[in-house]
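Inspection log for the structure reproduced underneath, given as C-alpha cells.
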Amino acid sequence: MSEKMSTRGSGAKKGAPKYANKFAYVHNKGSKKTQMILALPVDGLCRRCTDQIQWRKQYRKYKPLTAAKKCVSCQLKKVKKAYHILCDDCARAKKVCAKCQDDGKIIDDFNPKSILEAQKDDQELERRLANMRERERRSYRRKIERGDIKPSDVPDLGDDDSDFDFTGSEDESSDEEKLA
C-alpha cells in the first residue's frame, strides 16, 4: 500500500515544513501530573539521550513508568525511570548511558548525596510546619508551591511554649474571686 509522504521520488525530504508553529508550547500550570513529570531527575545519561528526554518533558511527550521494567544487563526488575534500559547500578558499574548504552561521557551523573540532602530539607520543613496552626501551615505550603517563598524562609517556631504568659490568666481569676 502506498502512503502519501512529503518526499521526493528518491525518498529525500523536501525543505521546511509547510506550517511552522507561531508560539511555543505552554504547559498547564495547574496539572499535578505535569509538575510531577517536570520534577523527575534526568541522570545517568549521555548528552544526546538527556536532550531527548528534556525535549519530551518540555513538549508533554514524556510518559513516566507505572511499573518497574527489567534491566537488560542483570535481568532484574530494577529500571524505575522511563526510556532507560539499564538499572542505575548496572549503568554506573559499566560506566555507560542507561538509555542507549553508549560509553561516552555521562552527564548529570547520579548523586545520592543530593537526594539525602533533599530528604533532610523536606524533614526540616515538615518539622517547622508541624509547630504551626493548620491555617498558617496551609498558607506557607501554598506560598512555597507558587514560588513566592523558599522552604528555607519558613520561620522556625520551635517546640518551647515560652511565648505564652500564663501569669495573666491567674491574675484574672484572682480578680474574679475578689469581686464575688
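If I filter the range 104-119 for residues that are at pLDDT 85 or above and under 17 Å from residue 153 (Cα atoms), do I get at least one hit?
no
Mind listing whichever residues of the range 1-31 are farther than 30 Å from residue 145 by Cβ and at pLDDT 75 or above?
Correct list: 14, 15, 16, 17, 18, 19, 20, 22.
Which one is modelled with the lowest pLDDT, of the residues in the range 55-69 that are within 16 Å of the chain's Cα centre (by Cα) and surrounded by 14 or more Cβ atoms within 10 Å (Cβ to Cβ)?
60
Out of 85, 149, which single residue is surrounded by 11 or more Cβ atoms within 10 Å (Cβ to Cβ), at pLDDT below 90 and not basic (Lys, Arg)?
After ruling out the rest, the residue left standing is 149.
Given the criteria more than 18 Å from the chain's Cα centre (by Cα) and open to solvent by less than 100 Å² (accessible area, probe 1.4 Å), does residue 30 qualify?
Judged against the criteria, residue 30 is not a match.
Surrounded by 12 or more Cβ atoms within 10 Å (Cβ to Cβ), in contact with a His (Cβ under 7 Å, 6 or more places away or on another chain) and at pLDDT 90 or above, is that true of residue 98?
It is true that residue 98 is surrounded by 12 or more Cβ atoms within 10 Å (Cβ to Cβ), in contact with a His (Cβ under 7 Å, 6 or more places away or on another chain) and at pLDDT 90 or above.
Restrict the check to the range 40-54 and report whether at least one residue is open to solvent by 100 Å² or more (accessible area, probe 1.4 Å), at pLDDT 90 or above and not hydroxyl-bearing (Ser, Thr, Tyr).
yes
Looking at (1) at pLDDT below 65; (2) open to solvent by 70 Å² or more (accessible area, probe 1.4 Å); (3) of a type in the set (A, V, I, L, M, F, W, C), find the lone condition where residue 157 falls short.
Status for residue 157: all satisfied but (1).
I need the full set of residues from the range 59-98 which are touching a helix residue (DSSP H, G or I) at 6+ places or on another chain (Cβ under 9 Å) and under 29 Å from residue 29 (Cβ atoms), in order please.
60, 61, 62, 63, 64, 80, 81, 82, 83, 84
Based on what the data block shows, is residue 72 free of Cβ contacts under 8 Å to residues at least 60 places away in the same chain, surrounded by fewer than 16 Cβ atoms within 10 Å (Cβ to Cβ) and either β-branched (Val, Ile, Thr) or touching a strand residue (DSSP E or B) at 6+ places or on another chain (Cβ under 6 Å) (or both)?
In short, yes.
The values are calculated or read from the model by the stated rules, or taken from the named source; none is laboratory data. Computed from a prediction, not measured in an experiment: that's the story for all the values here. Using ideal geometry, Cβ is built from the backbone for each residue, glycine included, and neighbour counts are taken over all protein chains shown. For the accessible areas, the whole protein counts, side chains as well, though only heavy atoms, and no ligand, DNA or RNA atoms are used. Shrake-Rupley method; radii C 1.70, N 1.55, O 1.52, S 1.80 Å.
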